[in-house]
1. Name the residue farthest towards the positive end of the dipole of the chain from the options Leu223, Ile136, Thr56, assuming +1 on Cβ of Lys and Arg, -1 on Cβ of Asp and Glu, about the Cα centre.
2. So what is log10(I(q)/I(0)) for the range 166-253 at q = 0.15, 0.18, 0.26 1/Å, when the Debye sum runs over its Cα atoms only?
3. Viscosity 1.002 mPa s, temperature 20 °C: Stokes-Einstein D of the chain from its Kirkwood Cα radius, in µm² per second?
4. Test of understanding: given the chain, find the longest segment containing no trypsin sites (Lys or Arg not before Pro) that are in a DSSP loop and have at most 14 other Cβ atoms within 10 Å.
5. Positive end of the charge dipole of the chain (Lys, Arg +1 and Asp, Glu -1 on Cβ, about the Cα centre): tell me which of Ser118, Gly303, Ala270 has its Cα farthest that way.
6. Any chance you could check the Cα centroid distance between the range 188-203 and the range 64-90 for me, in angstrom?
7. Skipping prolines and chain starts, which residues have an amide H placed within reach, meaning under 5 Å, of the one on Val89, given they are 5 or more residues away or on another chain?
8. Indicate, rounded to the nearest 5 percent, the antiparallel portion of the DSSP beta bridges found entirely in the chain.
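Every number in this text was worked out from the coordinates using simple rules, so none of it is lab data. Keep in mind the model is a prediction, meaning the values are calculated, not measured. Positions of Cβ are generated from backbone atoms using ideal geometry, with glycine treated the same way; all protein chains shown enter the neighbour counts.
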Amino acid sequence: MAALARSVLRYSARHEAAASDSFADHVIYGLGESPKWLSAKYFYDAAGSALFEEITRLPEYYPTRTELKILNDRAREISAFIPLAAALVEFGTGSTKKARILLDASPQISAYVPVDISAEFLAQEAASVRRDMPRIAVLPVAADFTRDFDLPAQIRNRPRVGFFPGSTIGNFEPQDAAEFLRQAGRILGSGATMIVGIDLIKDEAVLNRAYDDAAGVTARFNLNLLTRMNRELGGDFDLSTFRHRAFYNAVDRRIEMHLESLRAQTVTVAGRTFQFRNGETVHTESSYKYTIESFRALATSAGWRPAAVWTDERHYFSMHALKF
Ligand code: AVJ
C-alpha cells in the first residue's frame, strides 16, 4: 500500500504539495499561488466534520440520502459482487453507516478495514461495528488514504473489495481520480472488486442549491477553514470579510467552492502575509460530476472493468461495481 498515495497524486504538482507537506506548508504553498487554492481535505477538523454531518441532512443536499437509498434498495445485488471471505476496505470512512448496509447484507464478508485520517473517530466507529458484528474482524487503519498506508497483514490472503462511497472521488482532479483507481487496483490485487459511489451531472439549479443551501450550513463549512487556520496556524482572518461562493462550472463539470474576499486586505497566517484583492477568491473545493458513461470511461482507463451500475429513479446518483 505504501505506493498508493504518492502515485495517486504525482501527476499534479499542485497536489504533490498537498500530499507531502504539513497543513502549514500546504497553506503557504496554496495561498502563494495565483489563483489561490487550498485542498478540500483540510475541511475535516472536528468542527468541519460535524458541519459536514449537518450538510448530509440538509433538504438541498441530495447525495447522501440518495446513495443510502440505492445501497438499501440494492444491497442484495451489490452483495452478489462480494466474494466469499472477502475483506471490505473502505477508503476515507467518515461514518460507518454505509458500510454497515453492505456488511449486514453480506454474511460472506470476513473482515472490515475502515481507513480514515481521524484516529479517534475511527477507533470509536470500529469499536461499535465490532460490538454489533462480532463475526467480522474489524481492522481500522488510521491514515490519510491519499498518502502512504499499509493494509493489515491479517487480510493478505483474503479477496479484497474496495468501498469508496460518497462521491469522494469527485474531489480529485479527473487524472488523479484515474491514478487513484489504478493504484487501488494494484493494491487490492487482480480479481479485486471496487464499489464506488459517484454523483451524476444533473440540472444545474439542483447542483447549485446542494452546495449553497438556504440555511447557510455549507457556507459555515467553507468558512470554517478560515477559523481552522486562525486557530492552528496563528492566522488573523476576519470571517466577516469573506463570503462563501459555490457554483457549477459546466465546462469542467464540477462544483467549485471558493472563499471570496470582500475587500482588498492583507492576512497573516503560518507566519506569512498574503495580499487579497477585493473580490479575489481562494478555491477551496472541486466536486466533479460524471455521467454513468464518463465515469465508466475513467474507470476503464484505470484498468477496471465496469461490471454493474445502480441508480435512483431521478438518476441523481450512481453506485458502480468494478472488477480489476
Ligand atoms: C464529501 C466530497 C463528497 O463534494 O459533495 C459537501 C463535500 N462539500 N458540500 C461533496 C461537500 C460541500 C462532499 N464530498
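1. The residue sitting farthest along the positive end of the dipole is Ile136.
2. Cα-only, vacuum Debye calculation for the range 166-253: -0.82, -0.97, -1.24.
3. Taking Rh from Cα pairs, D becomes 105 µm²/s.
4. 157-262
5. Value computed over the given set: Gly303.
6. 11
7. Under 5 Å from the amide H of Val89 lie the amide H atoms of Val113, Val161, Gly162, Phe163, each far enough along the sequence or on another chain.
8. Here the antiparallel bridges make up roughly 60 percent for the chain.
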